[in-house]
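The values are calculated or read from the model by the stated rules, or taken from the named source; none is laboratory data. Since the structure is predicted, the reported quantities are computational estimates derived from the model, not experimental observations. Please note: Cβ atoms are built from the backbone with ideal geometry, for glycine as well, and neighbour counts cover all protein chains shown. Just the protein is used for accessible areas: all its heavy atoms, side chains included, with ligands, DNA and RNA removed. Shrake-Rupley method; radii C 1.70, N 1.55, O 1.52, S 1.80 Å.
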Amino acid sequence: MPDMRLLIVCLGNICRSPMAEGVIRARIEASPLAGRVKVDSVGTGHWHVGDPPDPRAIATAARHGVDISGLRGRQLWPQDYRNFDWLLCADKSNLRAVRARTPADARAQSALLLDWAGVEPDGEVPDPYTGELRDFEHVWGLLDRAADGVVRRLQRELDGRFV
Ligand code: 4NP
């Protein structure tokens, strides 16, 4: 069982959250936390269940050395509230949807990813789906900083459990 289980949440699970999953996993596996943290991603919507990430998300991640082409979309479901410690949301609309669907026996906590990672209090990752490639690059920059913040926070929080 991993020491920490993080679920990244966006709307479609084909743009922001798979890019976040990819960069956060890569950064964790290159850190002293390697092998101790589970990272997954979901969408609050059902439209892209079973789909690979958006080609622009795959291309952006690849340009930064991260392969997310094997990821497949799935939708948030009640088990996620028991199987993860944190549900980390791309924007406030995602966070509202996550909180509105909380089952009675939920264990996970929820937050905004950029806030939780110490990048920006109350910060949101803008949806690039209807945008251009440069919007995906902007999102990648935010997620790259979030990945560093996630590693810093987990190293601090989990420190005592590595001895
Ligand atoms: P994401 O972007 O939430 O970052 O994956 C979106 C992808 C698809 C849709 C909306 C947002 N959609 O409406 O299909």
Number of the exception - residue 93 against (1) in contact (Cβ under 8 Å) with a residue 24 or more places away in the chain; (2) open to solvent by 70 Å² or more (accessible area, probe 1.4 Å): (2)
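Hey, among 80, 115, which residue is at pLDDT 95 or above and open to solvent by less than 30 Å² (accessible area, probe 1.4 Å)? Even if it seems obvious, please write down each step before you answer.
On the way: 115 fails: open to solvent by less than 30 Å² (accessible area, probe 1.4 Å).
Checking each option against the conditions leaves just 80.
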All positions within the range 121-143 that are open to solvent by 60 Å² or more (accessible area, probe 1.4 Å), over 13 Å from residue 60 (Cα atoms), more than 10 Å from the ligand (Cβ to nearest atom) and not charged (D, E, K, R): 121
Residues (surrounded by 15 or more Cβ atoms within 10 Å (Cβ to Cβ) and either of a type in the set (Val, Ile, Thr) or over 19 Å from residue 43 (Cβ atoms) (or both)) located in the range 60-73: 60, 64, 66, 68
Residues of the range 1-27 that turn out to be within 17 Å of residue 145 (Cα to Cα) and charged (D, E, K, R), as a count: 4
